[in-house]
Amino acid sequence: MCIVDYLCLPMKEVFQYRFIRQSWLFAGIMSFFIILLLNTSCRKDLVSTNPAYSIAFSSDTVVFDTVFTSLGSVTKQLMVYNKNRDRIRISSISLQRGVNSAFRINVDGQPGAVVNDLEIAANDSAFIFVRVTVDPGDENNPFVVEDDLRFVTNGNEQTIKLVAWGQNAVYILADQQIDGFPPFKIVADSLQTTVWTSDRPYVVYGYALINSYGTLVIEEGARVHFHDKSGLWAFADGVLKVRGSLENPVIFQGDRLDLPYRNIPGQWDRIWLMEGRAGFDHEIDYAIIRNGYIGIQAESFLRPTSNKLLINNTIIENHTGLGLFARLFTIEADNLVVANCGSYTAALTMGGSYRFRHTTFANSWPFGPRNNPSVAMNNYFFDANENLVPVDFYFYAGNSILYGSGTEEIQTDFVAGADTTYTFDHCLVKTERNLANWPAFVNCLKNDDPLFVDYANFDYRPDSLSPVIDKGNTNVAAEVPVDIRGNDRSQKPDLGAYEFIPSANMFRK
């Protein structure tokens with residue numbers, strides 16, 4: 001159409017013609033951009049075969065801490081990164097030992113000893129999950145289990161080391177259950193003495209039960225690991241003897257040893273001690289009891305007890321419930337640390353007799369609110385008819401620390417009708433009481449921060465500026481002349497389980 005013809009068109013037709021030309025022009029431009037976008041998209045979806053491309057990893061080694069034989073480990077995570085500008089394909093991800101490997105992998109949801117053709121977009125990543133199950137052997141000491149995880153990308157081979165420490169163990173598996181009680185396996189039957197040694201750790205599923213008139217002796221250096229909801233149970237007239245040493249304490253803890261579980265409370269249930277005969281005392285010396293629900297529960301269950309719990313040079317720490325829970329029992333403790341519990345460090349209930357010398361009760365529970373004081377005491381219970389029954393109660397703490405993050409860390413709940421006595425002799429206490437009006441508190445420090453070396457790492461030794469240094473009663477110290485670490489305290493005793501030793505201040509407890 002020439003310009004003359006165009007000018008001769010009616011105005012309506014001119015507008016129609018212009019609109020058609022503009023529409024075709026717009027459509028052409030849009031088509032160009034769509035084609036360009038599709039080409040770009042297709043290029044991005046293309047998998048590069050560039051032999052110079054490689055992949056990166058979050059770590060060059062996946063390490064598992066001690067794994068008990070026959071038990072699966074926790075799952076570890078390995079990240080694989082494509083930091084290249086193009087999409088890549090990892091043609092093969094394989095365990096060097098194949099199906100015979102102790103390790104198992106899962107690659108972006110696909111399990112197997114070999115996974116092929118994993119594609120990763122440019123600047124993207126993929127997850128690989130690794131587990132290990134170690135076969136039992138004859139070794140007593142931990143042994144290493146290894147394999148290589150092999151990656152092939154565009155002809156390039158890269159390797160990640162897989163390493164686990166295996167540990168053979170003695171397994172205690174519950175095989176009985178009575179209504180109202182947890183599942184258990186008898187490890188020391190009536191008139192039988194069973195000895196647990198340090199040769200191999202003991203792994204308990206359910207409860208390890210000491211039957212009536214049976215005795216379990218646990219030697220120095222023994223390690224006892226409990227699965228979830230598991231524990232150690234001395235039934236009525238059963239006897240527990242824990243005989244650790246300063247160099248080789250007996251350790252009670254959960255059965256997960258990987259680093260993330262090291263300081264997680266609530267991994268197992270408790271050590272449960274029932275009443276016994278006079279002269280057949282439960283004894284715990286040089287033990288570490290940690291990461292359970294209740295450290296020790298000692299109680300008169302079927303009848304009032306005639307025996308005692310003698311506990312010395314022991315650490316009870318990091319329990320979601322209570323450290324020490326007593327019901328009408330007799331407990332005598334020296335050089336005891338009870339720390340970091342979600343409820344009470346010690347609840348001494350239903351009467352009983354309790355004597356603590358050079359004990360550290362310390363509660364700075366970090367896992368949530370704590371509504372109970374560190375130490376609670378009462379002298380009564382309710383019978384089957386809901387009648388209140390007072391019971392005689394005796395409590396003594398000498399040269400000890402009772403401290404925590406609360407404003408009141410001592411709770412007494414006493415009723416009339418029972419002989420009740422409690423004394424804090426040369427102690428540091430956290431309380432809102434006016435000690436001048438309370439004769440039960442003799443030469444005590446009130447609310448002073450004991451300045452422990454490291455609350456977060458469970459180190460309850462006094463630091464160099466601690467107010468507990470040299471504040472103890474020498475008469476009490478004469479009966480407990482060395483501290484929990486074997487240091488002499490007879491001359492100028494400190495309060496608590498630890499004596500301040502300047503040269504040792506760099507070392508952990």
Original post:
Of all residues in region 269-301 being farther than 16 Å from residue 249 by Cα and aromatic (Phe, Trp, Tyr), which is farthest from the chain's Cα centre (by Cα)?
Top reply: 280
Original post:
within 23 Å of the chain's Cα centre (by Cα), under 21 Å from residue 420 (Cα atoms) and small (Gly, Ala, Ser): does that describe residue 362?
Top reply: no
**OP:** Report whether or not residue 485 is at pLDDT 95 or above, basic (Lys, Arg) and open to solvent by 30 Å² or more (accessible area, probe 1.4 Å).
**Re:** yes
Subject >> Filter pass, residue 115 being surrounded by 15 or more Cβ atoms within 10 Å (Cβ to Cβ), of a type outside the set (D, E, K, R) and not in a strand (DSSP E or B) >> reply: no
Original post:
With (1) touching a Pro at 6+ places or on another chain (Cβ under 8 Å); (2) assigned to a loop (DSSP other than H, G, I, E, B); (3) open to solvent by 20 Å² or more (accessible area, probe 1.4 Å); (4) farther than 30 Å from residue 328 by Cβ as the list, and residue 415 as the residue in question, which single condition is left unmet?
Top reply: (4)
**OP:** Go through (1) under 26 Å from residue 326 (Cβ atoms); (2) not in a strand (DSSP E or B) and name the single condition residue 221 misses.
**Re:** (1)
Original post:
Would a scan of region 175-190 turn up a residue that is in contact with a strand residue (DSSP E or B) (Cβ under 7 Å, 6 or more places away or on another chain), more than 25 Å from residue 244 (Cβ to Cβ) and of a type in the set (D, E, K, R)?
Top reply: yes
Original post:
For region 188-216, how many residues meet the condition of being open to solvent by 40 Å² or more (accessible area, probe 1.4 Å) and in contact (Cβ under 8 Å) with a residue 40 or more places away in the chain?
Top reply: 3
**OP:** Filter region 217-229 for residues that are touching a residue at least 60 places away in the same chain (Cβ under 8 Å) and either open to solvent by less than 20 Å² (accessible area, probe 1.4 Å) or of a type in the set (Val, Ile, Thr) (or both) and give the result.
**Re:** 225, 226
Original post:
Does region 390-407 contain any residue that is within 21 Å of residue 307 (Cβ to Cβ), modelled with pLDDT of 95 or more and open to solvent by less than 20 Å² (accessible area, probe 1.4 Å)?
Top reply: yes
**OP:** Find the strands (runs of 3 or more DSSP E) located wholly in region 134-196 whose residues include 3 or more that are modelled with pLDDT of 95 or more and within 30 Å of residue 54 (Cβ to Cβ), and list them.
**Re:** 143-153, 156-167
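The values are calculated or read from the model by the stated rules, or taken from the named source; none is laboratory data. Because the structure is predicted, anything quoted here is derived from the model rather than measured. Ideal geometry is used to build each Cβ from the backbone, glycine not excepted, and the neighbour counts take in all protein chains shown. To get the accessible areas, we keep the full protein, side chains included, count just its heavy atoms, and leave off ligands, DNA and RNA. Shrake-Rupley method; radii C 1.70, N 1.55, O 1.52, S 1.80 Å.
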